[in-house]
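The values are calculated or read from the model by the stated rules, or taken from the named source; none is laboratory data. As the structure is a computational prediction, the values presented were derived from the model and not from experiment. Neighbour counts run over all protein chains shown; Cβ positions are idealised from the backbone, glycine included.
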Amino acid sequence: MSLPQRKGERYTYADYCTWDDGKRWELIDGVPFEMQAVPSMSHQSISFELTLQLGNFLKGNPCKLFYAPFDVRLNADDGDDTVVQPDIVVICDNSKIDEKGCKGAPDLIIEIISPSTAQNDRWTKYNLYKTAGVREYWIVEPAAKTITVNILDNGGYIEKTHGDTDTVLAVSVLPGCQITMADVFSTQ
């Protein structure tokens, strides 16, 4: 199922900044997609737990964590026609952070999928993030209680799936950081 489009036209980040209809939008290659209005309780619980674990690890670390809504302009230097709002991002190059969000590829992006976003997260965003150079991309599937970790290697992603029975998930871009999987899915 595709997300509803705003109009049949192509837009830029400058256009995106003028939209004040009270809705959340992503802009992918100039095409706007409306975001789900209210995430599920499961989505919120998983997002909170991942934010908590990553945030605790990052205390005193130069890398910064942000969570939705937070604009990531993946190709800010190449036309400014793609803006995504991942559930969680970690940025270790602080020169990429400005008052409007992130300009360029974050080091880690986490998307928590729902039935309405699954195809977009698994294919469209997967390819966008890989092309933009996102070093680590996680796809969290609440129903399956899995996290698929994609690590960028020579322009392609190497994929490994972790389940809730795995003890920890090591974060590749944050050496020493481990996520306790049982806690991520404990409230489901």
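Mind checking whether some residue in segment 67-76 is out of contact with any Gly (no Cβ under 6 Å at 6 or more places or on another chain), modelled with pLDDT under 90 and more than 27 Å from V171 (Cα to Cα)? No.
Select from segment 100-115 the residues that are of a type in the set (D, E, K, R) and under 19 Å from P62 (Cβ atoms) and list them in ascending order. Of everything in segment 100-115, those that are of a type in the set (D, E, K, R) and under 19 Å from P62 (Cβ atoms) turn out to be K103, D107. For segment 164-178, the set of residues classified as touching a strand residue (DSSP E or B) at 6+ places or on another chain (Cβ under 6 Å) and either of a type in the set (S, T, N, Q) or part of a strand (DSSP E or B) (or both) consists of V168, L169, A170, S172, Q178, listed by residue number. Just wondering, is there one or more residues in segment 141-164 that are surrounded by 18 or more Cβ atoms within 10 Å (Cβ to Cβ), polar (S, T, N, Q), touching a residue at least 24 places away in the same chain (Cβ under 8 Å) and out of contact with any Cys (no Cβ under 6 Å at 6 or more places or on another chain)? So far as segment 141-164 goes, yes, one or more of its residues are surrounded by 18 or more Cβ atoms within 10 Å (Cβ to Cβ), polar (S, T, N, Q), touching a residue at least 24 places away in the same chain (Cβ under 8 Å) and out of contact with any Cys (no Cβ under 6 Å at 6 or more places or on another chain).
Listed here are the residues, each with its yes/no results for (1) of a type in the set (F, W, Y); (2) buried (at least 20 other Cβ atoms within 10 Å of the Cβ).
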| residue | (1), (2) |
| --- | --- |
| I110 | no, yes |
| A118 | no, no |
| D121 | no, yes |
| Y126 | yes, no |
| K130 | no, no |
| W138 | yes, yes |
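Can you confirm whether segment 161-170 contains a residue that is over 21 Å from S45 (Cβ atoms), modelled with pLDDT of 95 or more and out of contact with any Ser or Thr (no Cβ under 8 Å at 6 or more places or on another chain)? No, the conditions are met nowhere in segment 161-170.
Of everything in segment 83-98 that is closer than 21 Å to I28 by Cα and more than 13 Å from the chain's Cα centre (by Cα), the residue that is surrounded by the fewest Cβ atoms within 10 Å (Cβ to Cβ) is D98.
Out of (1) modelled with pLDDT of 90 or more; (2) over 12 Å from the mean Cα position of the chain (by Cα); (3) closer than 20 Å to N150 by Cα, what's the single condition that is false for I112? It fails just one condition, (2).
Matching residues to (1) closer than 28 Å to L169 by Cα; (2) of a type outside the set (G, A, S); (3) surrounded by fewer than 16 Cβ atoms within 10 Å (Cβ to Cβ):
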residue	(1), (2), (3)
A14	no, no, yes
T18	no, yes, yes
F33	no, yes, no
S40	yes, no, yes
Q44	yes, yes, yes
E49	yes, yes, no
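Report yes if A118 is under 22 Å from L52 (Cβ atoms) and at pLDDT below 95, otherwise no. The answer is no for A118.
For segment 133-163, a tally of residues being part of a strand (DSSP E or B) and in contact with an Asp or Glu (Cβ under 8 Å, 6 or more places away or on another chain) returns 12.
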